[in-house]
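The values are calculated or read from the model by the stated rules, or taken from the named source; none is laboratory data. Just so it is clear, the model here is predicted, and its values are computed rather than measured. Because the Cβ atoms are built from the backbone with ideal geometry, glycine has one as well, and the counts that use them run over all protein chains shown.
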Amino acid sequence: MYCHMREKRAATTHRHTSAGKAVTDLIRAAFRLNGRLLSSGDQLTRDLGLSSARWQVMGAIGIAGTPPPVAQIARNMGLTRQSVQRIADALAAEGLVEFITNPNHQRAKLVTLTPRGRGVLDEITRRQIGWANTLAKGLSAAELAAAVHLMETVRKRLEHARSR
């Protein structure tokens, strides 16, 4: 009984601030949104034989400007190098990406889209534009920019806290 009372007292003395509760609500909403985005992304790319995860990696390669190493893709996406390596290996086996020599690092190959991979990513991008435009109906660009700013601020704080 004493133990139960101590647990109850601890639960009541540790309360969120109003901002802390709002951040908790934001995190829960982000988790739910992530699940819906992954599911919708899978539907968008299913007939192309891709998943959201593969699309994300291909997209990261496509927007990089120059072919990145797997570790850079992982850092930019907030994923582990091992998970991105598995996806990159699968994409390479399907002829969508290829590994090329990295002049700055003997063992860390660079990843680039093949012509076939570029075509697939172009098709996904075409579909994504229509999908995003539909999702954006009734929302202002300013509202969306504020949401992006808020999420980026929270992400940066998490990264800063992790690096300490």
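Which of (1) of a type in the set (A, V, I, L, M); (2) surrounded by 17 or more Cβ atoms within 10 Å (Cβ to Cβ); (3) in a helix (DSSP H, G or I) does L38 not meet, given it meets every other one?
In the conditions (1) of a type in the set (A, V, I, L, M); (2) surrounded by 17 or more Cβ atoms within 10 Å (Cβ to Cβ); (3) in a helix (DSSP H, G or I), L38 misses (2) alone.
For P103, work out the one condition from (1) at pLDDT below 95; (2) out of contact with any helix residue (DSSP H, G or I) (no Cβ under 7 Å at 6 or more places or on another chain); (3) within 25 Å of A30 (Cα to Cα) it doesn't fulfil.
(3)
If we scan the stretch 138-148, do we find a residue that is among the hydrophobic types (A, V, I, L, M, F, W, C), more than 30 Å from A19 (Cα to Cα) and surrounded by 12 or more Cβ atoms within 10 Å (Cβ to Cβ)?
No, the stretch 138-148 has no match at all.
Could you please tell me which pairs satisfy a Cβ distance under 9 Å, a separation of 6+ or placement on different chains, a first residue in the stretch 14-39 that is without any contact (Cβ under 8 Å) to a residue 24 or more places away in the chain, and a second residue that is among the hydroxyl-bearing types (S, T, Y) and in a helix (DSSP H, G or I)?
H16/T24; L37/S52; L38/S52; S39/S52
Select from the stretch 95-120 the residues that are more than 16 Å from G59 (Cβ to Cβ) and surrounded by 12 or more Cβ atoms within 10 Å (Cβ to Cβ) and list them in ascending order. Quick ask: steps written out before the conclusion?
Taking the stretch 95-120 as the starting set, the residues that turn out to be more than 16 Å from G59 (Cβ to Cβ) are 95, 98-110, 115.
Across the stretch 95-120, the qualifying residues are G95, E98, F99, N102, A108, K109, L110.
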